[in-house]
Amino acid sequence: MASILICGGAGYIGSHMVALLIERGLDVVVFDNLSTGHGEAVAGATLIEGDVRDAAALDSVFRSRRFDAVMHFCALSLVGESVRVLVAYYQSNVAGTLTLLEAMQRHGVGKLVFSSTAAVYGHPQQELIAEDHPTVPINPYGRSKRMVEQVLADAAAAYGLRAVALRYFNAAGAHPEGQIGESHDPETHLIPNVLKAALGSGAGLKVFGDDYPTADGTCVRDYIHVDDLAEAHLAALDWMQRNEGFHAFNLGNGQGFSVLQIIEAARRVTGKDIPFQVEVRRPGDPATLVACADLAREALGWQPRYREMEGIIETAWRWHSAQRY
Ligand code: UDP
């Protein structure tokens, strides 16, 4: 049975990945410092608590069994926060990955799936962003991920690391059975905040900026279901058996939704009134980010199953309405 090490497996996307791998009968070890993750979200996997910047802790994990590949989800991932506490972002996202890469090399593990982001592109120069779009990130979060991608390309050339960077657009939704979902403290992401507002909890929904150059003035994003992201990682693992080098793939639905359209869709799904207030723009936010994900379809044979915004929000709603806020 193949063993996969999931760094950051207790987080939002990582925990959905763990659930899928277990469902497919793989042996999964989660390594997570539980700074933002939740131990209870990885039932069925072996959980080792530790930090990816700790080389000795990684050595002991890699000595514990033979891993076929590593998936690396650990990161600080809030655009706005990255502008303020940038050193923490470079430390966690860049230095952490370097420590992991060295450990993988020491223990002869040669395959890595890396969580990258649409934030590597910066301001889009065309409507749909493909992988060959210039990567000029406009915030420290995007720059930290871009730096790691460059390191992975160097490592592939220098010693034959096989690495896939998956550039997520906006992860959304929750496992349809409702045991795991998106839970950050404090919550900064749009859909959870919209659903909290629908439940009447939280500090009130804020829309950050309505003066962007978009149809309704609010930011447009491409929302992709977290289970579709997890499926793409499995496809990437399979692809790496046959392909060498470093490769980056976009993961998105190819459809943009504005903040106001998300609120409208959530009103339809929940049947609730969702009040909001317009505030100033949040630093580091580009107006529009929408994926061209043709490459992932063609190379990985991956297709998102959740194509409708309502369907994505419905799974998130199931999770949020079961929480005690
Ligand atoms: N946003 C908002 N109110 C919120 C959270 C987010 O208006 O409470 C906006 C944010 O400015 C961005 C979009 O919603 O344009 C998506 O933000 P999110 O933090 O969910 O994801 P990001 O695009 O930063 O990865």
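No value in this document is a laboratory result; all are computed from the given coordinates. Treat the numbers as computed from the prediction; the structure is a model and nothing was measured. Note: ideal-geometry Cβ built from the backbone for every residue, glycine included; neighbour counts use all protein chains shown.
Taking the Cα centre of the range 140-245 as the origin, how large is its charge dipole in debye, to the nearest 20, when only Lys and Arg (+1) and Asp and Glu (-1) carry charge on their Cβ atoms?
340 debye
Ordered by packing density, taken as the mean number of other Cβ atoms within 10 Å over each peptide's residues, highest first, how do 179-187, 252-260 rank?
With the highest mean Cβ count within 10 Å placed first, the list reads 252-260, 179-187.
Can you run phi through the Karplus equation (6.51, -1.76, 1.60; θ = phi - 60°) for the range 206-216 and list ³J(HN,Hα) in whole Hz, with x for Gly and Pro?
Working through the residues one at a time gives 10, 9, 7, x, 10, 10, 7, x, 10, 4, 10 Hz.
Assuming 0.36 nm per residue, please report the length gained on full extension of the stretch residue 261 to residue 98 beyond their Cα-Cα distance.
54.7 nm
Run the simple label-point estimate for residue 268 and residue 294 please: 7 Å along Cα→C-beta, distance reported in nm.
The two pseudo-label positions are separated by 2.8 nm.
Of the beta bridges DSSP finds with both residues in the chain, what % are antiparallel, to the nearest 5?
Rounded to the nearest five, the antiparallel share is 5 percent.
Give the calculated FRET efficiency between residue 244 and residue 278 to the nearest 0.05, with a Förster radius of 56 Å applied to their Cβ-Cβ distance.
Using R0 = 56 Å, I get an efficiency of 0.70.
Provide the per-residue ³J(HN,Hα) series for the range 120-130, in order, calculated from phi with Karplus coefficients 6.51, -1.76, 1.60 and θ = phi - 60°, each as a whole number of Hz, with x at glycine and proline positions.
Ordered by residue, 3J(HN,Hα) equals 5, 7, x, 6, x, 9, 9, 4, 9, 9, 9 Hz.
Nearest 10 degrees, 0 to 90: what angle lies between the long axis of helix 309-321 and the longest principal axis of the chain (Cα atoms)?
Helix 309-321 sits at roughly 80 degrees to that axis.
Return 51, 32, 216 ranked ascending by Cβ neighbour count within 10 Å, so the fewest neighbours appear first.
216, 51, 32
Provide the net charge surrounding residue 244, with neighbours chosen by a C-beta distance below 13 Å and charges set as Lys +1, Arg +1, Asp -1, Glu -1.
+3
Eight or more residues apart or on different chains, and alpha-carbon atoms under 25 Å: count the Lys pairs in the chain matching that.
Final tally of qualifying lysine pairs is 4.
May I ask which residue of 109, 212, 74 lies farthest towards the positive end of the charge dipole of the chain, with charges of +1 (Lys, Arg) and -1 (Asp, Glu) on Cβ and the Cα centre as origin?
Result: 109.
Using r as the Cβ-Cβ distance of residue 216 and residue 132, and R0 as 22 Å, what FRET efficiency do you calculate, to the nearest 0.05?
With a Förster radius of 22 Å, E is 0.15.
How far is the Cα center of the range 148-218 from the Cα center of the range 67-138, in Å?
Each part reduced to its Cα centre gives a spacing of 14 Å.
With r defined as the distance between the Cβ atoms of residue 125 and residue 185 and R0 fixed at 41 Å, what FRET efficiency is calculated, to the nearest 0.05?
Using R0 = 41 Å, I get an efficiency of 0.70.
In the range 20-95, which trypsin sites (Lys or Arg not before Pro) are in a loop and have at most 16 other Cβ atoms within 10 Å, using DSSP for the loop call?
In loop regions of the range 20-95 (DSSP not H, G, I, E or B), the sparsely surrounded trypsin sites (Lys or Arg not before Pro) are 24, 65, 66.
Taking the highest mean first, how do the peptides 69-80, 36-47 order by number of other beta carbon atoms within 10 angstrom per residue?
Ranked from most to least packed, the peptides come out as 69-80, 36-47.
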